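Chemist: Attaching a single structure in structure tokens format; questions to follow.
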């Protein structure tokens, strides 16, 4: 994994929101929304040194852009979004460790991650967001904000789970937020909206106008209803 530092971010004890593409594209849609809404600025890039797949366009191939950005705004660092995740555990571990190194370098207070939570529960267009944290004590604190904690024991794979393990190992507070989805194969904008509202509740800061996400959710629902 190669890391390119473009500049030093102007942040002071920031929070970090880090997530990558996952089921229902929840992680990358959320990160891309935050970056666009807050007009974050690029300061660091993580890039795979070699392709893990190629794209066949029908007679000729293209190489994928397997890189992910660190961006910042007002005492906030945002990592991830884009497309995909590293395919090897070695590269994934290197990426998680780099997020931890950035958290330590800039004295980050919390690392938040997020993604989809596959369920058979019918949501009626109001999916819940479930929270898990890096300690029982932290979970008790966030429960006071009337949020839903994860309903049962489960395994969280990929970056959006593993980063919590790296945070815990390095004594950094971590919070994972996972929005309910029924179909992991289509973009889940309702889950994204639910997660963003939860982030706003936990961080006491607004992340932007979600009306366009509502429009996209309605378009997806209309398409698959027909």
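Chemist: As a check on your grasp of the helix formula, calculate [θ] at 222 nm for the chain: sum -39500 (n - 2.57) over DSSP H runs of n ≥ 4, divide by the residue count, round to the nearest 500. Kindly include the intermediate steps, with their values, before the conclusion.
Modeler: Details: 6 runs with 79 residues, N = 226.
Estimated from H runs of four or more residues: -11000 deg cm²/dmol.
Chemist: Computed FRET efficiency, Cβ-Cβ of residue 13 and residue 67, R0 22 Å: what is it to the nearest 0.05?
Modeler: 0.20
Chemist: While we're looking at this one, here's another question. I need the peptides 52-62, 190-200 ranked by packing, meaning the mean over residues of other C-beta atoms within 10 angstrom, with the highest value on top.
Modeler: Working: 52-62: 9.1, 190-200: 23.3.
The peptides rank, most packed first, as 190-200, 52-62.
Chemist: Which whole-number percent is the relative contact order of the chain (Cα, under 8 Å, 6+ apart)?
Modeler: Values: 432 pairs, mean separation 56.7, N = 226.
Across the chain, relative contact order equals 25 percent.
Chemist: What does a probe at residue 3 reach in region 10-54, counting residues whose amide N is under 16 Å from the point 7 Å along Cα→Cβ?
Modeler: 16-19, 43-49
Chemist: Expressed in nm to one decimal, what extension gain is obtained for the pair residue 152 and residue 101 from 0.36 nm per residue of sequence separation less their Cα-Cα distance? If you can, show how the numbers build up before the last one.
Modeler: Numbers: separation 51, 0.36 × 51 = 18.36 nm, distance 3.09 nm.
Between residue 152 and residue 101, full extension yields an extra 15.3 nm.
Chemist: Then there is this: What fraction, in whole percent, of alpha-carbon pairs in the chain exceed 23 Å separation? Let's see the in-between values first.
Modeler: Numbers: 11873 of 25425 pairs.
The share of Cα pairs beyond 23 Å in the chain comes to 47 percent.
Throughout, read-outs are computed from the coordinates displayed, never taken from laboratory work. What you are looking at is a predicted structure, and each value in this text was computed from that prediction instead of being measured. We place every Cβ from the backbone using ideal geometry, glycine too, and count neighbours over all the protein chains shown.
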